[in-house]
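Undergrad: One structure follows; several queries about it will come next.
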Amino acid sequence: MQYYLSLLGFAAIDSLNLLAFAVIAGLWLAAGGRAPEFAPRAVRFTGGAFCGIVLLSLVSVWIIGNNQEFVRGLFGNLWAMAVLGVIGLVITVMGLRRPAEAKEEEVDAPLATSVLQRFGIAATGVSLGVIQSGTSAPFAAGMVLISFADEPWWAKLLQIVFFAVIAILPSAALIATLARVRAAGVAAATEKINRFLARGRVAGRVLTLAVGVALLLLAAVRILQLTGVV
């Protein structure tokens with residue numbers, strides 16, 4: 001049970017993808033709040049993100065699974081723990097930094113639509129899913145957890161799908177919510193979206209800070225253990 005709760009927690013943190021939320025909101029604004037035009041495009045984008053997460057997860061689990069001894073050895077290497085500490089420090093600083101308030105309070109629909117038109121909706125979703133998860137510490141922790149689990153391959157595949165589904169749930173909820181907004185309420189809904197994204201940025205900073213501190217503490221404890229202090 002603890003294993004699945006940990007996996008659920010990592011997936012939930014990884015699901016706070018503000019860039020994906022902004023793209024979905026941009027698609028909605030570009031469609032003028034018209035659900036028949038907005039919903040299919042947003043679903044294709046989110047479906048692409050789901051495929052990107054699954055694809056990266058399969059590759060990650062395969063690589064980690066075939067190099068378990070090397071990964072375990074990193075936790076016994078002083079220099080590797082020092083690097084982990086530096087990464088934790090960088091992530092902590094990122095979480096402490098206050099983002100610029102200018103130009104971040106509104107969704108940029110033209111930017112979202114221009115990128116999607118150039119690369120395609122689904123392809124952009126795949127790329128965003130790979131990039132966001134590939135730079136996410138919770139995603140990496142989840143993949144290590146799955147890789148080291150004593151489970152058959154089909155169980156790990158189901159866990160990867162489970163992780164990806166949880167990771168896109170907030171995006172799916174946002175699509176469902178915006179699709180129910182009538183065109184007459186676009187202005188009011190836009191203000192709510194901006195507030196939602198602002199709160200999401202705060203939540204993202206808090207989670208980034210928490211991940212950074214956790215990595216710092218892990219690195220510090222392992223360094224003390226490896227040097228014989230503890």
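Undergrad: May I ask you to list pairs of residues, at least six apart or on different chains, whose Cβ atoms are under 8 Å apart, with the first in the stretch 1-25 being of a type in the set (S, T, N, Q) and the second being open to solvent by 60 Å² or more (accessible area, probe 1.4 Å)?
TA: The qualifying pairs are Ser15/Leu169.
Undergrad: Still on this model: Which of the following residues is at pLDDT 75 or above, assigned to a helix (DSSP H, G or I) and surrounded by fewer than 15 Cβ atoms within 10 Å (Cβ to Cβ): Ala176, Ala214?
TA: Criteria check complete, one pass: Ala176.
Undergrad: Could you please find all residues in the stretch 71-88 being among the β-branched types (Val, Ile, Thr) and open to solvent by 40 Å² or more (accessible area, probe 1.4 Å)? Talk me through it step by step, then tell me what you get.
TA: Let us first name the residues in the stretch 71-88 that are among the β-branched types (Val, Ile, Thr), namely 71, 83, 86-87.
Result: Val83, Val86, Ile87.
Undergrad: Pull up the stretch 179-211, narrow it to residues that are over 30 Å from Leu74 (Cβ atoms) and among the basic types (Lys, Arg), then point me to the one that is modelled with the highest pLDDT.
TA: Among those that are over 30 Å from Leu74 (Cβ atoms) and among the basic types (Lys, Arg), it is Arg180.
Undergrad: Does the stretch 130-137 include one or more residues that are of a type in the set (Val, Ile, Thr), closer than 19 Å to Cys51 by Cα and modelled with pLDDT under 85?
TA: Residues of the stretch 130-137 that are of a type in the set (Val, Ile, Thr), as a first pass: 130-131, 135.
After this cut, where a residue has to be closer than 19 Å to Cys51 by Cα as well, the list is 130-131, 135.
Narrowing the set further to residues that are modelled with pLDDT under 85 leaves 135.
Yes: the stretch 130-137 contains one or more residues that are of a type in the set (Val, Ile, Thr), closer than 19 Å to Cys51 by Cα and modelled with pLDDT under 85.
Undergrad: Suppose we keep only residues that are at pLDDT below 55 and outside any loop (DSSP other than H, G, I, E, B) within the stretch 89-111. Which one would you say is least open to solvent (accessible area, probe 1.4 Å)?
TA: Taking the candidates together, the pick is Ala109.
Undergrad: Test Ser114 against the criterion of being among the hydroxyl-bearing types (Ser, Thr, Tyr) and either at pLDDT 90 or above or over 26 Å from Pro170 (Cα atoms) (or both), and give yes or no.
TA: Details: among the hydroxyl-bearing types (Ser, Thr, Tyr): yes; either at pLDDT 90 or above or over 26 Å from Pro170 (Cα atoms) (or both): no.
Answer is no for this residue.
Undergrad: Within the stretch 43-53, identify whether any single residue is buried (at least 16 other Cβ atoms within 10 Å of the Cβ), in a helix (DSSP H, G or I) and of a type in the set (Lys, Arg), and answer yes or no.
TA: yes
Undergrad: I'd like to verify a number: residues in the stretch 148-165 that are in contact with a helix residue (DSSP H, G or I) (Cβ under 6 Å, 6 or more places away or on another chain) and either free of Cβ contacts under 8 Å to residues at least 60 places away in the same chain or buried (at least 20 other Cβ atoms within 10 Å of the Cβ) (or both), how many? Spell out the reasoning first.
TA: First pass over the stretch 148-165, keeping only residues in contact with a helix residue (DSSP H, G or I) (Cβ under 6 Å, 6 or more places away or on another chain): 156, 159-160, 163-164.
From what's left, either free of Cβ contacts under 8 Å to residues at least 60 places away in the same chain or buried (at least 20 other Cβ atoms within 10 Å of the Cβ) (or both): 159-160, 163-164.
So the answer is 4.
The values are calculated or read from the model by the stated rules, or taken from the named source; none is laboratory data. Computed from a predicted model, the values in this text were never measured in an experiment. When we count neighbours, we look across all protein chains shown, and the Cβ atoms used for this are built from the backbone with ideal geometry, even at glycine. These accessible areas exclude ligands, DNA and RNA; they are computed on the full protein's heavy atoms, side chains included. Shrake-Rupley method; radii C 1.70, N 1.55, O 1.52, S 1.80 Å.
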